[in-house]
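Here is the structure we will look at, set down as structure tokens.
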Amino acid sequence: MVLDGIERDLIEACQRGERDAFRSLFERYKDKVYSIALRYTGEPSSAMDVAQDTFLKLFSLIGTVHEGASFDAWLYRVVVNSCLDQKRRKRRFIPCLERFFQTLQSSGESVLQKLLRQELSGQVGAAVAKLIPEQRIVVVLRYTEGLSYAEIAEALGCSIGTVASRLNRAHTLLERRLGRFVSGSGDLSNE
């Protein structure tokens, strides 16, 4: 997606140094940035640090956004870099992937089913937390942000094949670590 008229005007105003324009850009994207950071870090305080770092970078790098470029992809790239920078500083992340469990919910679930779903949620979160950062970020961008392979590749500055490879490796590891929940007694669909 290339810049729409409002985005283009807002970015050009930011590039001219207009504070109100940057404030508007912040208001428009703060929830998206925080959401990605929270899903990657798993901790609200760490997510706030990442979001703050992202907007500081955004402020200093806004001049590098070019007309005809995808601002969303550029922004994702800045968020990803902030997440990885924070990881290097702290060496500790616990992601949260709530959307994996939306498919497990049903309106009439019993207390037992709800407890089992919560246990599975914790197990999936723990398994994803053990992925290396390069695999974890593609899982977050794909399954919590709903980005296509091409959008992830653009955000990460890599090829679509690299994204596919990282997702494939992540899927293999997650299947190995969570297989007992899908095919064993932990299968919620049999409850």
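The values are calculated or read from the model by the stated rules, or taken from the named source; none is laboratory data. These numbers were taken from a predicted model, which means no experiment stands behind them. Methodologically, a virtual Cβ is constructed for each residue, glycine included, from the backbone with ideal geometry; neighbour enumeration extends over all protein chains shown.
Checked against (1) free of Cβ contacts under 8 Å to residues at least 40 places away in the same chain; (2) within 23 Å of Glu18 (Cβ to Cβ), Ser45 passes all but a single condition, namely (2).
Residues that are small (Gly, Ala, Ser), surrounded by fewer than 17 Cβ atoms within 10 Å (Cβ to Cβ) and either touching a residue at least 12 places away in the same chain (Cβ under 8 Å) or under 23 Å from Gln86 (Cα atoms) (or both) within segment 4-42 comprise Ser24, Ser35, listed in sequence order. Restricting attention to segment 64-94, and to residues there that are aliphatic (A, V, I, L, M) and in contact with a Phe, Trp or Tyr (Cβ under 7 Å, 6 or more places away or on another chain), which single residue is modelled with the lowest pLDDT? Checking each candidate, the answer is Val65. Within segment 118-172, the set of residues being in a loop (DSSP other than H, G, I, E, B) and either under 19 Å from Val33 (Cα atoms) or in contact (Cβ under 8 Å) with a residue 40 or more places away in the chain (or both) comprises Lys130, Leu131, Thr144, Glu145, Gly146, Leu147, Ser148, Gly157.
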